[in-house]
Every structure is written in C-alpha cells, then in structure tokens.
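Before any comments, here is the structure.
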Amino acid sequence: MITAEVKKTGSESNASLLRRFSRKVKSSGFIRRVKGLRFSQRHQSDLRKKRDALKRIAKREEIERLRKLGKIKDVFHKKYR
C-alpha cells in the first residue's frame, strides 16, 4: 500500500502540486516494485521440473523413432532475404 500524501500550500498551483506528488511517489519506490512484480513468475517445484524434463525426453525419443521408421521426414526451411 502506498502512502504518498501531499497538501496544497497557500498559493501553490495545481501543476506544482502534481509535480510534488509525482516526485513523492517516485521516491517511495512503489512503481519500481510493481513493475518488477508484473512479469515475475512462480518458481516450479522440483517434481514439476523433473516431470516436464521426462516428457521432453520421451517426446524427443518418439520423434527420433518415427524419423528412423520413415514416418516423419526431416524438413529444413531456408530463410529467404
């Protein structure tokens, strides 16, 4: 929760009040923390990592087996400029 509060002094303009508020918010570090959390992901458990790795290995072996049987052709696409 952010607690950036500013009060307008006597003859202060709205623009300077807004500028003071934005400086206070920036100095609180709240925006940096929110931006950092925006793209963070939960860490996978060790069991989940192991399961995913075993699935990848099994799929790779199945593709290699089908390639050796001739059911899958090796296709390489050329990139044209």
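Laboratory data are not the source of any read-out in this text; all were calculated from the coordinates shown. Values in this document were obtained by computation on a predicted structure and should not be read as measured data. Backbone-built Cβ (ideal geometry, glycine too); neighbour counts: all protein chains shown.
Working note: 222 nm ellipticity from helices only, DSSP H runs with n ≥ 4, each -39,500 (n - 2.57), summed and divided by the residues of the chain, gives -19500 deg cm²/dmol to the nearest 500. Just want the answer: with Cβ charges of +1 for Lys and Arg and -1 for Asp and Glu, which residue in PHE30, LEU17, ALA53 is farthest toward the dipole's positive end in the chain? About the Cα centre, the residue reaching furthest to the positive side is ALA53. Computed about its Cα centre, the charge dipole of the chain is approximately 340 debye, with only Lys, Arg, Asp and Glu carrying charge at their Cβ. Pairs of Lys residues in the chain that lie 8 or more places apart, or on two chains, and have C-alpha atoms under 19 angstrom apart add up to 11.
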